[in-house]
Structures are given as structure tokens and as C-alpha cells.
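Below is one structure, written out as C-alpha cells; the observations come after it.
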Amino acid sequence: MSDLTSPPSDQLATVTIDADEVPKAEFSDRVPIQSIIRREDGGSGLAGKKARVGGWVKTGRKADKNAFAFLELNDGTCAGNLQVIVEASLADIRQLVLSGTCVVVDGHLRLPPSGTKQKIELRADKVLHVGPADPAKYPLPKMKLTLEFLRDYVHLRSRTNTISAVARIRNALAYATHTFFNKHGFLYVHTPIVTTSDCEGAGEMFQVTTLFSEAEKLEKDLIQNPPPTEADVEAAKVVVQEKGEVVSQLKAAKADKKEIGAAVVELNKAKENLSKLEERSKLQPGIPKKDGKVDYTKDFFARQAFLTVSGQLQVESYACALSSVYTFGPTFRAENSHTSRHLAEFWMVEPEIAFADLEDDMKCAEAYVKFLCQWLLDNCLEDMEFMADKFDKGCIDRLNMVASTPFVRLSYTEAVEILEESVKNGKKFENEVKWGIDLASEHERYLTEVKYQKPVIVYNYPKGIKAFYMRLNDDSKTVAAMDVLVPKVGELIGGSQREERYDVIQQRLKEMDLPVEPYEWYIDLRRYGTVKHAGFGLGFERMILFATGLENIRDVIPFPRYPGRADL
């Protein structure tokens, strides 16, 4: 038996299967397991056909006095595993049965014995590849692991049933997002990750700068190559003076042009050397400063720059030309928060609609959320059933309810009155309820889970707790803002009609003590062809939390970033 742990590099390519085989993936030399076991007949209709499959061993066991091994193989294309039977004559089955081992085999699909849960299994004819996993070192043993434990192995945790299911659900929601907005005539716009505008005005932004790395580089350079002394500079000035006198003397003596030219070259070299010495003598270690402040004109972008907290402001500029647009990308908050609902890097879906008001905005938000829920029910039910079995028994019912139920709509003032009434009736909240507060998660969940037991859209919030760009209502106390609240997570969407009036947007910036200069381009949208428009932002990870029933947002993003952690 050959050493199967190190197959020739061309072995997979050279082995062929005859015509009576299950079709392979278009760009991969194997049959995706989902195309076998996710058929309506569970794969039984493929019995007798040949197939090449590859995947990672979830569980394995030796049988019949080590004559063969049963492997539960998973390739991530679906939640289910394909049972593969390998005879000991084909490979070292001691290695094959270890969790985490990667295996590629050729074999025949056959019906399993009656009474087993599998509808189809694969009998291996040849083992083409074995990627071993040392059980003494493999950090994901065959046992129940907590999601918190898995966060220490973000590069391997996608091999677990839970995280792979989350990845497929996340993919389905992303595909559904693009499908929904394309279906409704929106254009996808890529907004910048590096920005000079603070959309929220909260100041919790990651700064983008090369000043520190440049300062470290300069400090190292000055140590290795000390700057010239004052005496070095003075000596270089003397050389320039001497070379200049030589040129003057040659010209006075009407010397040969060639001789004068050579002297001028020497003078220019001396001047260039002096200039370099003078420039280098001015170098100082540390961050460059001007008038006691950091001199950002020396930075990479020649001004302060940050990682974006939202693509909204930039995408508005495209809405004011292309009418219906959306952006979908990463956003960042430098908020030192360790809650189960916050990340330093997360994804936002942000549509923007021209010629639209708050009512249009709410309609779009409700339709979008319903579409996402129905999409999961129609296209990702197996993974949702896994979530219902392992984490949240009500998650599928919740999706069905949201997809089919009209959302409740009530003003912020009405919401506060309902909460105040509940307090009078004995309900206790950790956060005080009064008009003017920003509703806390416990308030939002009370409205959605207790009072109405369905999604709620709250609109017309006090202007003091909302951003400068939200349209001021006629009462001058509230703005045309709206939040979509859902059971399980509270706020899922935040949006508003934007302030399109030139004089009002300037006044709002002044009221909120925000500098005008970084927003001049934004104000231009009101100067030149202003139009009423509205939009919202959906926190993508919060949507996944809502769908799956998982408790911590760190488990629904592939590579979570939060205070103290930025692995990989």
C-alpha cells in the first residue's frame, strides 16, 4: 500500500471516471456532497453511479475487526454528511477515522441497508488523497464545543456544524439582499472605506494614518545615519562659495566655454549637496507638528482620515443623480464596547431613494426584511432547521411570522406613552422611560416581544437624539426618523428622510457643533438640484442574529473584531 498522505501532485487530475458517473462541480474535480444528499430522494436515485467526493471527516469509526471504516464526510456545501465506507486494503484507516482529516475518494454510490437513516452511501474504490490531522494537536476534538471557545480558533471554526451553517445563512442573506434591490431597480454603489466625514457625528472612529510608521522609520534612520551638524552645513556653504568664485573667475578671464561649463556643473553639485544637508539637518524625530498641533498635511492623505462608520453620506450623492441606489460593505466603530451586540467591524446594507419620503422609506424597509425572511425559508431551510434544533426552537416560526405579518407603526411619542403605561402597571426597566430618551434595547424588545409580539416601526424621534442629516419636522422638535424593531434583537434598521433644505442642514450642523468644512460637499447636494430623499441602514450581523437565534454577534461574522481582538 502506498503512502497516501503525500500523493503525487497530479494524481487527482490523472484519475478518470467513466461515463456512468454523477456530474462533478464545474470548477472542482469532485462531486459536491449537496448534489448527492440534497436531492428530493435523498440521493437514492443515484444508486449504482460512480462519484468522486472530497471533504473533511466529521466522525469515523473502524468496524469488523478493522476490516473497513465508516466515515461521515462533509464538504461544507450543506449541513448533511455523506457516509463513506473504506476498506482497510485501500488506505490506513487508523488515520482516516480521525476528525479533521481531509479525504478524497472515488467510489460507487449504493443504497444502505434498510432501517438506517441514510438514503445513500458511497463505497470507496480508491483513496486519492488523505490530509492527516494529528488528534493530539487538532484543536477541535470530537465533542461539544462552546461558541466562546471557538472564537479562539477563527481559522478553523468554520469546520464546525454551527459556524458552517451560519456561513451559509449569511451567504443566503447577502444574495437575497442583492436580489431584492436589483429586482426593485436599485444600483449597487461601492462607497469608500477611508473617509474624512463622520456620518454619525459621534467621533467613535478609527483613524487612518501613516504618521506613526513614518515617524518610527525616521527615528531609526536618524539613529543609523545621524543628521549633519551645524559645522557640516557651514562647511558645505564654504564649498558652494568657493565653487561660485571659480566660475566667476573663469567667466571674467573669458575662459573656454567647456571649462566654464565643467565648473558650473561642480557648482550645481555643491549647491545640491548643501540643499540636502540643510533639509536633513531640519529633521526631527516624532510626529510632525505645526503650531503645537499634529501637522496632518504631512500625513498620507494630507488631512485627517478615518475608517467609515457608514456609507450613507457618500451614497446619497449617487441617489441625487441615479435615483435608487444601495451600498453594502464593512463599517467601523471605535467604541470600547464588550456587549454581545457590538463589533468594531461589521457590515451595513444602506439603500438611498430619491423622490422618496419617510413613508416610502418605511415601506421599503418592511418589504426588504420580509423578503430576507422568506428567502431563508425558501432557500436555506436545512440550516435553519439546524438552528432551531440546537439554539432557538422558535427561529423558523419567527421568520414565518415576520414574512407574513404587517409591521406595527407608531410614533416615538406613542411608544413612550406605551412604555410609561407599562411602568405604571408594574413593569420594571433598568433604563428610565421618559420623552426624549433614546430607547434602550429592553424598551425595544418589550414593544416587539411583549406588547405586539411582531415587528414594530417607531418613527418621528426627538431631534436631540438623532443625526444632523435627518429631516426636521414641522413641530421643530422631532425629525422624520424611523427604526425597525424586531423580536430577539430590538433595533434592526435605522433610517430617515434626509434634510434636503439648504438653510436647515446648515442650521442643524451648527446646532450639533459640527464643523462645516468636512461637509461642504454634502451641502453641495442641497445647493445644486436638491431633492427629497430617504434611506436606511440594516445591520447585517443583527439580521443574522435575528434569523438564527444565536446570542452573540461575534459568532455570526467570519472574523470578529472587537476590543482586544483582531485575529488573522
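The values are calculated or read from the model by the stated rules, or taken from the named source; none is laboratory data. These numbers come from a predicted model, not from an experiment. Please note: Cβ atoms are built from the backbone with ideal geometry, for glycine as well, and neighbour counts cover all protein chains shown. In case anyone asks, the SASA skips ligands and DNA or RNA and just uses the protein heavy atoms, side chains included. Shrake-Rupley method; radii C 1.70, N 1.55, O 1.52, S 1.80 Å.
Filter segment 243-268 down to the residues that are open to solvent by 50 Å² or more (accessible area, probe 1.4 Å) and in contact (Cβ under 8 Å) with a residue 24 or more places away in the chain and list them by number.
The answer is K243, and nothing else.
When you check V86 against the structure, is it within 38 Å of the chain's Cα centre (by Cα) and outside any loop (DSSP other than H, G, I, E, B), yes or no? Explain how you work it out, then say what you get.
Numbers: within 38 Å of the chain's Cα centre (by Cα): no; outside any loop (DSSP other than H, G, I, E, B): yes.
Considered against the rule, which asks whether it is within 38 Å of the chain's Cα centre (by Cα) and outside any loop (DSSP other than H, G, I, E, B), V86 comes out as no.
List the residue pairs whose Cβ atoms are under 7 Å apart, where the first residue sits in segment 370-381 and is surrounded by fewer than 19 Cβ atoms within 10 Å (Cβ to Cβ), the second is in a helix (DSSP H, G or I), and the two are 6 or more positions apart or on different chains.
F371/A176; F371/F180; Q374/A403; L377/L399; L377/N400; L377/A403; N379/A172
Considering only segment 69-82, state which residues are without any contact (Cβ under 8 Å) to a residue 40 or more places away in the chain and surrounded by 20 or more Cβ atoms within 10 Å (Cβ to Cβ).
Matches in segment 69-82: A69, L71.
Run down A319, A334 and say which single residue is more than 30 Å from L187 (Cβ to Cβ), surrounded by 14 or more Cβ atoms within 10 Å (Cβ to Cβ) and in contact with an Asp or Glu (Cβ under 7 Å, 6 or more places away or on another chain). Show your work before the answer.
Working: A319 fails: more than 30 Å from L187 (Cβ to Cβ).
Of the residues listed, the single one that is more than 30 Å from L187 (Cβ to Cβ), surrounded by 14 or more Cβ atoms within 10 Å (Cβ to Cβ) and in contact with an Asp or Glu (Cβ under 7 Å, 6 or more places away or on another chain) is A334.
Give segment 392-413 a look and list any residue that's part of a helix (DSSP H, G or I), among the hydroxyl-bearing types (S, T, Y) and open to solvent by 20 Å² or more (accessible area, probe 1.4 Å), or say none.
S404, T413
Give the residues of segment 526-568 that are over 28 Å from Y153 (Cα atoms) and open to solvent by 30 Å² or more (accessible area, probe 1.4 Å), sorted by residue number.
R527, Y528, G529, T530, K532
Can you name every residue in segment 309-324 that is closer than 27 Å to P558 by Cα and either touching a Pro at 6+ places or on another chain (Cβ under 7 Å) or of a type in the set (D, E, K, R) (or both)?
Answer for segment 309-324, where residues must be closer than 27 Å to P558 by Cα and either touching a Pro at 6+ places or on another chain (Cβ under 7 Å) or of a type in the set (D, E, K, R) (or both): just Q314.
Quickly run through segment 256-280 and pick out the residues that are among the charged types (D, E, K, R) and farther than 28 Å from E230 by Cβ.
The answer is D256, K257, K258, E259.
Consider only pairs whose beta carbons are under 6 Å apart and that are at least six residues apart or on different chains; among these, list those whose first residue lies in segment 402-416 and is under 13 Å from E444 (Cβ atoms) and whose second residue is modelled with pLDDT of 95 or more and surrounded by 17 or more Cβ atoms within 10 Å (Cβ to Cβ).
Short answer, once both residue conditions are applied: V408/Y452; V408/V456; Y412/V458; Y412/N460; Y412/Y461; A415/V458.
S340 versus (1) touching a Phe, Trp or Tyr at 6+ places or on another chain (Cβ under 6 Å); (2) part of a loop (DSSP other than H, G, I, E, B): which is the lone unmet condition?
Against the list (1) touching a Phe, Trp or Tyr at 6+ places or on another chain (Cβ under 6 Å); (2) part of a loop (DSSP other than H, G, I, E, B), S340 comes up short only on (1).
From the set of residues in segment 139-170 that are of a type in the set (S, T, Y) and either farther than 14 Å from G76 by Cβ or assigned to a loop (DSSP other than H, G, I, E, B) (or both), which is most open to solvent (accessible area, probe 1.4 Å)?
Only one residue fits best here, namely T146.
What's the number of the condition G529 fails, among (1) more than 30 Å from the chain's Cα centre (by Cα); (2) within 21 Å of M205 (Cα to Cα)?
(2)
Give E204, E278, E219 a once-over and let me know the one that is part of a helix (DSSP H, G or I) and either out of contact with any helix residue (DSSP H, G or I) (no Cβ under 8 Å at 6 or more places or on another chain) or assigned by the TED database to the domain that holds S310 (or both).
E219
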